[in-house]
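Reviewing the structure listed below.
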Amino acid sequence: MQGAQLIEMKSGTETFVGKDSPLYQDYDHLYQSIFQTQSIVVMVEGNEVKNADLMEAVDRLEHQLRATNGVIETTSPASLIKTVNYQMTGRYELPETDEEIKAIIDGNPDIFSQIIPDNTHMLISVVMAGSASDKTQEDILTATEDAVSFAEFPPSYNIIVTGDPAFSISMNYEMNSSMGILLGLSAIFMLIVLLIVFKHVRWCILPLPVVLLGIVYTFGAMGYIGISMSMVTMSAFPILIGVGIDYAIQFHNRLEEEMVDKGNKSRAVIETIKHTGPAVLIALVMTALGFFSLFTSTVPMIQDFGKLLLIGIAMCYLASIFVGVVILSIFDSYSDRNPLNKITKKIKPSNPEKKKKPEGESESDRLIGKVLQKTTILTIKYDVIVLGIACLLCFGGLYLDQSVPIQTDVQTFVPQDMPALVDLSHMGDVMGGTDELNLIIKVEDTASPDVLKWIEQFSEHGVASNSHIYSASSIVDLVKEYNGGVIPDTSQEIENIYSEIPEAQKDRYIYGKNMLLLNFNIGNAVADIKVTGIKELTNIVEEDMQWMPAPPGTAVTITGNNVVFIEVITALTSGRVAMTFLGLVLVLIGLFVVYRDWVKALVPVIPMVIVIGWSGGVMSLLNISYTPLTATLGALILGVGSEYAILMMERYFEEKDKGLHPMEAINMASSKIGSAIVASGATTVFGFMALLASPFPMISDFGMVTVIDIVLALLATFVVFPPLMILLDTWRDKRKGSKAAEKQTEIKKQIQGAEI
């Protein structure tokens, strides 16, 4: 619990793109650390914003905010009006009448059009460093909200505090609060399913607190290791409850069974650890191998997701084998000493003759077993049809999977009714969007006239030739403003102008003597043309630089938030395929190492490959996009679903080793272990179902597809696995038989030759 206090919430660019990526390093070292600023925006809307009383309130707001730690500068209509008034009258103050205010604004559209887009809206920008910490951003947001209340705006105006930092802070708060809801719902769902499917044992809800203890261990490890909480990692906990509770159930069920059979508690504990411990550990290792493929992703939040899942299943296993077994043993001792607890005595019959029915097998278990046995007989009878349809649906799903769109717009991941998102979208509707392409220009001299003239020409060309580039901003705009609208012809003149420009304005576009910044405003590009469109736009700008080259000694790097997300596209398209393929290989190798038998290694994996194909079709039919979370589905299906096929296969070969015919062995496996697998699958499904209640669309969509995929994995276990197992095992037995017959014939020939 102490370690959990160290967990940090993160939702920025570093959660999508690895810090060792050259693209991110350009963004981080050249743009974010040097040029990038972030702005909290105060938007004022009302009937008429060009009036003196409103400007007085804006001026009071600015005075208070400029004294706030971390605020670089503020920009508002009031400060610009005072600047223009100073140039006109020599007085740096606000005019007293509405007419004078309106005359200054209307007479300088180039200056005011960006912050007063119409008569009913205006913006005040509170600028902070792009590298400002989350704590600093939160402090400035709080200070801005307090300053708004103290500024005493006229009552007829609506004041909205918004901007990207406000959105990020609100999103982190929403993630933090929804985490408790998800865990609570998971616990409730698990409680329900335990009371239904695990009611034949004493203390049937005990596995729930045991697995929740494993979750607490996971939280602690997460804090100590430094895994941040993101929209992806927060969804790991309901998954871990669904997967981890199966471990607690297996130990609990076996210990109860051994206590009845052995009648000696100490011996029962030993037998439980001896037999169930390794079996569950093998299942855990196979699950971990499926999850391990998540580390091949270049998206940091997916890598953290993989780390969290691996740590979580290990912690749930440790909680089950040490805490769960010990508590159950203690409870049993208490039960023996409690004369009032008559109900628990029924599982320890004094007369062994009464144990005619399998202990713990309820009427519902037997009914499930009969249904599964009949299903097995039917699927084996029509094996070619069943496997053919399964494969056709798999190939069809893989084909449809190619058309599933990829979504990386963070705003679509969060609750669409979140007030911070509503405010940010409203500002975008009014202002036209603030997405940018940022061009870092490395030069020999930032005062070179040739460089500034090239920036001017390239900016004009970009805006004129591309409909998605709405405007450009650079140091050229300030130089022209201070020099009558033209760029000087000498470096010295430019240096003189630089000395007149306020440092806060100049630092936005110049760093030292060798670096300049050019910004292309691309509106709401993330929402309008998506990240793939931004990639195409970036390629167009790069091509334009080929035939309109910068002066000699100049190098241009295109970077910025939106450009960095292009790498996410690559990770989610080629990366997820590689991730799934690696998971398949790892699980296959793991099974072969354990069993030393290719049939035993292949049979559990093939149904999961078919389910992966079905999953692509499900996503296409439900119109669900790939996100950093749904991109992990292949690895999750392998990790979670292969356990069911492995348990079925283990029981099949156990029955076959007893001398049963393959058909009899598979029927026995379906009827005996089938109900246990259904119960295990139900607990997992209920654990995942908590994700459906998440207010984050990305997580709820993931929960929906995952629940469907787990159900499909169960279906494949009972429909695809039996005919596949019989076909491959029978083929192998016939091949062994033919080889044995050939060898026997060869021996007879050798004997006959020796006799002759």
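No value in this document is a laboratory result; all are computed from the given coordinates. Just so you know, these numbers come straight off a predicted model, no measurement behind them. In this analysis, Cβ positions are derived from the backbone assuming ideal geometry, glycine residues included, and neighbour counts consider all displayed protein chains.
Distance between the C-alpha centres of the stretch 625-661 and the stretch 40-65: 63 Å, rounded to the whole angstrom.
Taken one residue at a time, the phi angles of the stretch 646-655 give Karplus couplings (6.51, -1.76, 1.60, θ = phi - 60°) of 5, 5, 5, 5, 4, 5, 4, 6, 5, 5 Hz. Gly and Pro are set to x. Protection proxy ranking, highest mean first, for peptides 221-234, 367-380: 221-234, 367-380, where packing is the per-residue count of other beta-carbon atoms within 10 Å, averaged.
So for the pair Asp53, Ile540, with labels modelled 7 Å out along Cα→Cβ, what separation do we get in nm? The answer from the label model is 4.7 nm. A simple rule links phi to the HN-Hα coupling: the Karplus curve 6.51 cos²θ - 1.76 cosθ + 1.60 with θ = phi - 60°, which for the stretch 313-329 gives 5, 5, 5, 5, 5, 5, 4, 5, 6, 9, 6, x, 5, 5, 4, 4, 5 Hz, with x for Gly and Pro. In order along the stretch 63-74, phi translates into HN-Hα couplings of 4, 6, 6, 5, 8, 7, 4, x, 7, 6, 7, 10 Hz, rounded to whole numbers, per the Karplus curve 6.51 cos²θ - 1.76 cosθ + 1.60 with θ = phi - 60° and x for Gly and Pro. Listed peptides 181-191, 283-293 appear in the order 283-293, 181-191 once ranked by packing, highest mean of other Cβ atoms within 10 Å at the front. For the chain, the share of DSSP beta bridges that are antiparallel, to the nearest 5, is 95%. Placing unit charges on the Cβ atoms only, positive for Lys and Arg and negative for Asp and Glu, gives the stretch 34-162 a dipole magnitude near 360 debye about its Cα centre. So if the hydrodynamic radius of the stretch 587-725 is defined as the Kirkwood radius over C-alpha pairs, what does Stokes-Einstein give as its diffusion coefficient at 20 °C and 1.002 mPa s, in µm² per second? The Stokes-Einstein estimate is 136 µm²/s. Taking 0.36 nm per residue of separation and subtracting the current Cα-Cα distance, fully stretching the chain between Gln5 and Val585 would add 205.0 nm.
Between Glu93 and Val593, the contour length at 0.36 nm per residue exceeds the Cα-Cα span by 171.9 nm. Each of Val707, Ile115, Met515 was placed along the dipole of the chain (beta-carbon charges, centred on the mean Cα), and the one lying farthest toward the positive end is Val707. In a simple Cβ point-charge model (Lys, Arg +1; Asp, Glu -1; nothing else charged), the chain has a dipole of about 6780 debye relative to its Cα centre.
Between amide H atoms placed 1.01 Å from N, distances below 5 Å from Ile72 occur with Val127, Met128, Ala129, all of them 5 or more places distant or on a separate chain. Modelled label positions at Glu45 and Arg267, each set 7 Å beyond Cα in the direction of Cβ, lie 7.8 nm from each other. Per-residue extension of 0.36 nm, minus the Cα-Cα distance of Ser465 and Glu493, leaves a gain of 6.9 nm for this segment.
In the chain, the longest principal axis of the Cα atoms and the axis of helix 491-500 are about 80 degrees apart. For the stretch 34-162, the calculated P(r) over all alpha carbon pairs, in 5 Å bins from 0 to the bin holding the longest distance, is 2, 11, 22, 23, 19, 14, 7, 2, 0 percent.
Which FRET efficiency value, to the nearest 0.05, do you get for Asp507 and Lys274 by plugging their Cβ-Cβ distance into 1/(1 + (r/R0)^6) with R0 = 51 Å? For R0 = 51 Å, the calculated efficiency reads 0.15. Mean residue ellipticity at 222 nm, helices only, the chain: -21500 deg cm²/dmol; runs of at least 4 DSSP H residues each add -39,500 (n - 2.57), and the sum is divided by the number of residues. Cα axis of helix 164-197 to longest principal axis of the chain: angle in degrees, 0 to 90, nearest 10? Orientation of helix 164-197: about 20 degrees from the principal axis. Which option, (1) 55; (2) 50; (3) 61, is the value of percent of Cα pairs over 33 Å apart that was calculated from these coordinates? The value matching this structure is (3). Placing pseudo-labels 7 Å out from each Cα toward the beta carbon at Leu378 and Ser131 gives an inter-label distance of 6.6 nm. Averaged over residues, the count of other Cβ atoms within 10 Å places the peptides 159-169, 80-90, 677-687, 114-124 in the sequence 677-687, 159-169, 114-124, 80-90, highest first.
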